[in-house]
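Take a look at the structure set out below.
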């Protein structure tokens, strides 16, 4: 089904793979019959290389400084981004910047604050020359596909699922500060990423959808980090057997592999997509060169993929539905064991009580958002449900078309009526079910969703309130098949159905009549509308020469998601208020974290104001005595006090910068980890002036509640020292251990020295 190469490989003429082994040169010579390119030459023949070269502003392709063509944000992130840029001197958006409103669009929590954010966005689009998409018109990524993507282009978005590779656009999901840099005419600085070929052959069998292909790939590559921070390049003869919508559905889920970005070869299918959307001039045919070298290969036989399910609590916890049904109790037992790790025993969890007459019963189905809400997904689901009824028991089904133009076409072609007649509820474009702000199931309920993630609490339940529901990811077709069987888990391949595959007609007037587009013209006279919840960032001091840190949280999950660092759901309503949102930091993972961090922060506030730190934090007295005995130059003027957390592998999931900024505004100065799950989380730490420390896997020289002393840390950062000696301060004794910083660019070092990106730009 899926095979991972142990080595890199050459792709010849887009069709023949030659593994990079001892015989590679000879095999290439036989095939080419002439000049055999070097590995370095062949690496420059990938699609990814050509696009990155086009957007690189440095003279070194190994040290990229990228400028993007367009930016996108939604209403959880754009307020903080623009507020940060304004604090740094923003006068005009230097490139098209689209502000969508698809996350807090229900305006159901927190009084006026969500709509206040929307009005902030509209007035900023007018003042700075941007584009504003009103609530319920489109989810961020569907609007980008319909109106922004272009062959050979690059888009940076402040949502992790910023992926438009199927349309020929390399897109990257990053934390907000990276968008701030673009708004201030700075660059996105990374080393040249590795490029992994996803080589597709065959054709999906009837009933298998894009989510099935995506989950199979995620299951094969997530745990081993095969594509971590690399570019996934989709090639091979199987690409031609997939429709544009199908490719888009696979592509958006590449985020869950922890890759950096994605790109696909393009053809007449994609050309037709642009023509349908009235943008034929934005199409560009993309193919790798005659001989392209890839750092790895994920070989996918589409014929052999079967309907998949990702069980709680991660998209990589994958099985075929057939395998699950055949080994039901064993797999449910494994899910319970995983839950004990993820939930840390906070609540009792089981799915075994969902087994009825030997079959798994589901309480809820959702087809939604940037992954599930596409036209083809919903049409196929309607075909399966036509003439069937979801029943009147617990099972419910909600369908969210990804944009109003899609909704309109479903109404015109009759699919909407088929869905409603079956008992499904069809709603407007909204991302809520994907991050816990809509269709939250009942306690102990089990939901199957064609959406992007199934992390703990991602569906909206709250462990701290004794609630637990769980989500499994599936394709829209198998969700519809399950709905047709009134909640009993069913693979779409078990349903006899003819898919009508109606043609899609895009109505551009819907956006023309509702979306505000400045056409890049700024109007400085516009006054920004600021609601009472929209607050400026608090002042943040620069990095001191020495640091005293208290460990205030210790997390031993194999992977810690950004949803656990700062919960999604209704808390997202407070994302325009840095201090207000920070109250929710780690609230579902470590409820005591905020109180511990604030207690330490009192000492730093006292230090900065020139008052007694030890009076604010009495336990600091003994720590300072021990430190001063060894380092006599330590003074309140050169030694900051803050907090840090330890997590094994933090940062999987969302690009939301608040996972880092909430720690910062609570006095955080660092994270310590064995590794970081994604580049974007590490970037968020750096941009908020926090030190992204590493310690070797298996080592943990301190425990929660310990104090750490970092002498001369400012000098170490300024002089690019790769590691520093730190000390655990306990019982008036200093015990040394080593912290590594990893590679930092010159600007990243300076941002940390200045205390955060805002300070960096003010100084600059």
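Mind counting the residues in segment 101-116 that are under 18 Å from residue 127 (Cβ atoms) and free of Cβ contacts under 8 Å to residues at least 60 places away in the same chain? I'd like the intermediate steps shown before the answer.
Kept after step one, since they are under 18 Å from residue 127 (Cβ atoms), are these residues of segment 101-116: 101, 116.
Add one more test, that the residue is free of Cβ contacts under 8 Å to residues at least 60 places away in the same chain, and what stays is 101.
Here the count works out to 1.
From the list 353, 377, 444, which residue is out of contact with any strand residue (DSSP E or B) (no Cβ under 6 Å at 6 or more places or on another chain), in contact (Cβ under 8 Å) with a residue 60 or more places away in the chain and closer than 24 Å to residue 140 by Cα?
On the way: 353 fails: closer than 24 Å to residue 140 by Cα; 444 fails: closer than 24 Å to residue 140 by Cα.
Within the list 353, 377, 444, the selection yields 377.
Report whether or not residue 752 is in contact with a strand residue (DSSP E or B) (Cβ under 6 Å, 6 or more places away or on another chain), surrounded by 18 or more Cβ atoms within 10 Å (Cβ to Cβ), under 26 Å from residue 181 (Cα atoms) and assigned by TED's automatic domain parsing to the domain that holds residue 675.
So residue 752 fails the test.
In this structure, does residue 387 turn out to be within 19 Å of residue 483 (Cα to Cα), surrounded by fewer than 21 Cβ atoms within 10 Å (Cβ to Cβ) and modelled with pLDDT under 95?
yes
In this structure, is residue 498 over 29 Å from residue 585 (Cα atoms), modelled with pLDDT of 95 or more and part of a loop (DSSP other than H, G, I, E, B)? Reasoning before the result, please.
On the way: over 29 Å from residue 585 (Cα atoms): yes; modelled with pLDDT of 95 or more: no; part of a loop (DSSP other than H, G, I, E, B): yes.
No: the conditions fail for residue 498.
Go through (1) in a strand (DSSP E or B); (2) touching a helix residue (DSSP H, G or I) at 6+ places or on another chain (Cβ under 9 Å); (3) over 20 Å from residue 175 (Cβ atoms) and name the single condition residue 692 misses.
In the conditions (1) in a strand (DSSP E or B); (2) touching a helix residue (DSSP H, G or I) at 6+ places or on another chain (Cβ under 9 Å); (3) over 20 Å from residue 175 (Cβ atoms), residue 692 misses (3) alone.
Which ones in segment 485-495 are part of a helix (DSSP H, G or I) and crowded, with 24+ Cβ neighbours inside 10 Å? Explain how you work it out, then say what you get.
Initially, segment 485-495 is screened for residues part of a helix (DSSP H, G or I), giving 492-494.
Across segment 485-495, the qualifying residue is only 492.
Within the group 500, 469, 476, 442, which residue is under 28 Å from the mean Cα position of the chain (by Cα), within 29 Å of residue 381 (Cα to Cα), in the same structural domain as residue 401 (by TED's automatic domain parsing) and surrounded by fewer than 23 Cβ atoms within 10 Å (Cβ to Cβ)? Break it down into steps so the answer makes sense when it comes.
Values: 500 fails: under 28 Å from the mean Cα position of the chain (by Cα); 469 fails: surrounded by fewer than 23 Cβ atoms within 10 Å (Cβ to Cβ); 476 fails: surrounded by fewer than 23 Cβ atoms within 10 Å (Cβ to Cβ).
After applying the criteria, what remains is 442.
Could you check residue 36 against (1) under 17 Å from residue 201 (Cβ atoms); (2) in contact with a helix residue (DSSP H, G or I) (Cβ under 6 Å, 6 or more places away or on another chain); (3) part of a loop (DSSP other than H, G, I, E, B) and say which number it fails?
So the condition that residue 36 fails would be (1).
Considering only helices (runs of 4 or more DSSP H) fully contained in segment 221-326, which possess at least 3 residues that are within 23 Å of the chain's Cα centre (by Cα)? Can you show your working first?
Numbers: elements: 244-252, 268-276, 321-326.
Passing ranges, in order: 244-252.
Out of everything in segment 571-604 that is without any contact (Cβ under 8 Å) to a residue 40 or more places away in the chain and not in a loop (DSSP other than H, G, I, E, B), what residue ends up being surrounded by the fewest Cβ atoms within 10 Å (Cβ to Cβ)?
595
Matching residues to (1) closer than 25 Å to residue 72 by Cα; (2) at pLDDT 95 or above; (3) crowded, with 24+ Cβ neighbours inside 10 Å:
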| residue | (1), (2), (3) |
| --- | --- |
| 483 | no, yes, yes |
| 507 | yes, yes, no |
| 522 | yes, yes, no |
| 527 | yes, yes, no |
| 549 | no, yes, yes |
| 555 | no, no, no |
| 558 | no, no, no |
| 568 | yes, no, yes |
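For residue 391, which of the numbered conditions (1) at positive phi; (2) in contact with a strand residue (DSSP E or B) (Cβ under 6 Å, 6 or more places away or on another chain) fails to hold?
Residue 391 satisfies every listed condition except (2).
From the list 187, 169, 123, 162, which one is under 22 Å from the mean Cα position of the chain (by Cα), modelled with pLDDT of 95 or more and surrounded by fewer than 22 Cβ atoms within 10 Å (Cβ to Cβ)?
Numbers: 169 fails: surrounded by fewer than 22 Cβ atoms within 10 Å (Cβ to Cβ); 123 fails: under 22 Å from the mean Cα position of the chain (by Cα); 162 fails: surrounded by fewer than 22 Cβ atoms within 10 Å (Cβ to Cβ).
When all the criteria are applied, what remains is 187.
Among the numbered criteria (1) part of a helix (DSSP H, G or I); (2) modelled with pLDDT of 95 or more; (3) in contact with a helix residue (DSSP H, G or I) (Cβ under 7 Å, 6 or more places away or on another chain); (4) under 23 Å from residue 599 (Cα atoms), which single criterion is violated by residue 621?
Of everything listed in (1) part of a helix (DSSP H, G or I); (2) modelled with pLDDT of 95 or more; (3) in contact with a helix residue (DSSP H, G or I) (Cβ under 7 Å, 6 or more places away or on another chain); (4) under 23 Å from residue 599 (Cα atoms), residue 621 misses just condition (2).
If I ask for residues that are without any contact (Cβ under 8 Å) to a residue 24 or more places away in the chain and either exposed (fewer than 14 other Cβ atoms within 10 Å of the Cβ) or in contact with a strand residue (DSSP E or B) (Cβ under 8 Å, 6 or more places away or on another chain) (or both), which ones from segment 22-35 would you list?
Keep residues of segment 22-35 that are without any contact (Cβ under 8 Å) to a residue 24 or more places away in the chain, which gives 22-27, 29-31, 33-35.
Residues satisfying the conditions are 22, 23, 24, 26, 27, 29, 30, 31, 33, 34, 35.
Out of all the residues in segment 53-72, which are touching a strand residue (DSSP E or B) at 6+ places or on another chain (Cβ under 6 Å), within 30 Å of residue 517 (Cα to Cα) and in contact (Cβ under 8 Å) with a residue 24 or more places away in the chain? Lay out the reasoning, then the answer.
Looking only at segment 53-72, we keep the residues that are touching a strand residue (DSSP E or B) at 6+ places or on another chain (Cβ under 6 Å), and these are 55-58, 64-66, 68-72.
From what is left, the residues that are within 30 Å of residue 517 (Cα to Cα) are 55-57, 65-66, 68-72.
Passing the criteria: 55, 57, 65, 66, 68, 69, 70, 71, 72.
How do the pairs read when you match residues in segment 617-633 that are assigned by TED's automatic domain parsing to the domain that holds residue 550 and surrounded by 15 or more Cβ atoms within 10 Å (Cβ to Cβ) with residues anywhere that are modelled with pLDDT of 95 or more and not in a helix (DSSP H, G or I), using Cβ under 6 Å and keeping only pairs 6 or more apart or on different chains?
What qualifies is 623/707; 623/729; 626/729; 627/709; 631/711.
Going through segment 195-220 one residue at a time, which ones are surrounded by fewer than 24 Cβ atoms within 10 Å (Cβ to Cβ), in contact with a helix residue (DSSP H, G or I) (Cβ under 6 Å, 6 or more places away or on another chain) and not in a strand (DSSP E or B)?
202, 203, 204, 207
I'm trying to understand the selection: among the residues of segment 624-638, which are part of a loop (DSSP other than H, G, I, E, B) and more than 16 Å from residue 549 (Cβ to Cβ)?
Within segment 624-638, the subset part of a loop (DSSP other than H, G, I, E, B) is 631-638.
The answer is 632, 633, 635, 637.
State all residues of segment 1-19 that are in a loop (DSSP other than H, G, I, E, B) and over 32 Å from the mean Cα position of the chain (by Cα); if no residue qualifies, say none. Spell out the reasoning first.
Residues of segment 1-19 that are in a loop (DSSP other than H, G, I, E, B), as a first pass: 1, 5-8, 13-15.
Of everything in segment 1-19, just one residue is in a loop (DSSP other than H, G, I, E, B) and over 32 Å from the mean Cα position of the chain (by Cα), namely 13.
Just checking, does segment 530-538 include any residue being at negative phi, surrounded by 18 or more Cβ atoms within 10 Å (Cβ to Cβ) and either assigned to a strand (DSSP E or B) or within 20 Å of the chain's Cα centre (by Cα) (or both)?
Checking segment 530-538: not a single residue is at negative phi, surrounded by 18 or more Cβ atoms within 10 Å (Cβ to Cβ) and either assigned to a strand (DSSP E or B) or within 20 Å of the chain's Cα centre (by Cα) (or both).
Taking the residues in segment 345-377 that are in a loop (DSSP other than H, G, I, E, B) and within 24 Å of the chain's Cα centre (by Cα) as candidates, determine which candidate is surrounded by the most Cβ atoms within 10 Å (Cβ to Cβ).
373
The values are calculated or read from the model by the stated rules, or taken from the named source; none is laboratory data. Here the structure is a predicted model, which means the values were calculated and not measured. In this analysis, Cβ positions are derived from the backbone assuming ideal geometry, glycine residues included, and neighbour counts consider all displayed protein chains.
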